[in-house]
1. For the chain, calculate the relative contact order in percent as a whole number, restricting contacts to Cα pairs under 8 Å that are 6 or more residues apart.
2. Throw me the Rg/Rh for the chain, computed over C-alpha atoms with Kirkwood Rh, two decimals.
3. For the chain, what is the accessible area per residue in Å² when the probe is 1.4 Å?
4. Highest first, please rank the peptides 143-154, 177-188 by the mean number of other Cβ atoms sitting within 10 Å of their residues.
5. With 22 Å as the cut-off, how large is the P(r) tail for the range 143-244, expressed as percent of Cα-Cα pairs?
6. Could you size up the charge dipole of the chain around its Cα centre, putting +1 on the beta carbon of Lys and Arg and -1 on that of Asp and Glu, and report it in debye to the nearest 20?
7. For the range 248-259, just list the computed ³J(HN,Hα) in residue order, Karplus coefficients 6.51, -1.76 and 1.60, θ = phi - 60°, integers in Hz, with x standing in for Gly and Pro.
8. What number, rounded to the nearest 500 deg cm²/dmol, is the helix-based mean residue ellipticity at 222 nm of the chain, given -39500 (n - 2.57) per DSSP H run of at least four residues and division by all its residues?
Amino acid sequence: IILMIVIGTILIFSHNSIRATAVANIHDYSHLNVFFDHGLLGFLSSFVFVCLSFCGSEFIGIAVAESNDPEKITPKAINGVIIRIILFYVLTLTVILLMYHFKDISVKTNPFTDVFAGLGFKHSAGFINFVAVTAAFSALNSCIYITSRMLYRLSLNGHAPKIFSKVSSKSLPKNAVLFTILIGFIVVIMNYSFPQKILNYLFSIISVSIIFSWLLILFTHFFFRAKVVKGDFNLIKYPSIFYPVANIVAIIGLVVVLITMFFSTDQSLARGVYALPIWILILFICYRIFKYTKNRT
């Protein structure tokens, strides 16, 4: 990706036709109406994809809990996320939007392949596909790690069956990992059986789940500052900036995204919002059944 940014930047400044396209694009992007080409709803709908793309930063809260020095590692991890967002999202999209007009970008457009192909790399598509598969495995690895650790911690706190708290000789929560992988295989089978449809539903449900999770994180932070800190800022070694304004703005933004999904013309997005209260109710019922069974035993 870094190589693509560097080469793309060189082409923008050195290649006559690409430079001309970049200048014309900058002129078009200077007009506000470009960002509302599909109306206000179209503009707001893009934030659904943003929420899905940026998910994963909340994993830090679980990962640092297993580190030897969380007070030292947490600031580095958080700052690293900010740097990665600027590098792998902002700069990459800047180069792409300069090289292509937004109306020319479609699902068939592959800027990474085009950049390398333009330099004479005939096998650029295979190389980019390899990078994409590697990134997918990296994301899968992170999801398995976080999901199994969450299940493990819930089990330790008495909020999930004890079987998930068992660890191997290397302190690996093997049952939680195996259960997570099993669910992954079930999703793969569902995707094979119902291609296209299941992906749309999963995309919607994941987006809503991410938004809901971040709403919980933001409200939890409010309660933490109010009840734990109680005005003594010396207790916070790594305070969040612009609190509480940042929390309020983030909450409003996430609620707007949920409302946008609800009124979206894409029914798969709307169904994700419908599914949220049903999913929460299912989790609540499962939790109550588990607690009742636990108390009886």
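1. On the way: 189 pairs, mean separation 59.7, N = 297.
It rounds to 20 percent for the chain.
2. 1.00
3. For the chain, the solvent-accessible area averages 68 Å² per residue.
4. 143-154, 177-188
5. 55
6. Working: 23 positive and 10 negative charges, 275 e Å.
So the magnitude is around 1320 debye.
7. 5, 4, 5, 4, 4, x, 5, 5, 4, 5, 4, 5
8. Details: 12 runs with 206 residues, N = 297.
Calculated mean residue ellipticity at 222 nm is -23500 deg cm²/dmol.
The values are calculated or read from the model by the stated rules, or taken from the named source; none is laboratory data. Since the structure is predicted, the reported quantities are computational estimates derived from the model, not experimental observations. Heads up, the Cβs are rebuilt from the backbone with ideal geometry, glycines too, and the neighbour counts pull from every protein chain shown. The protein model used for the area step is the full one, side chains on, heavy atoms only, and it has no ligands, DNA or RNA in it. Shrake-Rupley method; radii C 1.70, N 1.55, O 1.52, S 1.80 Å.
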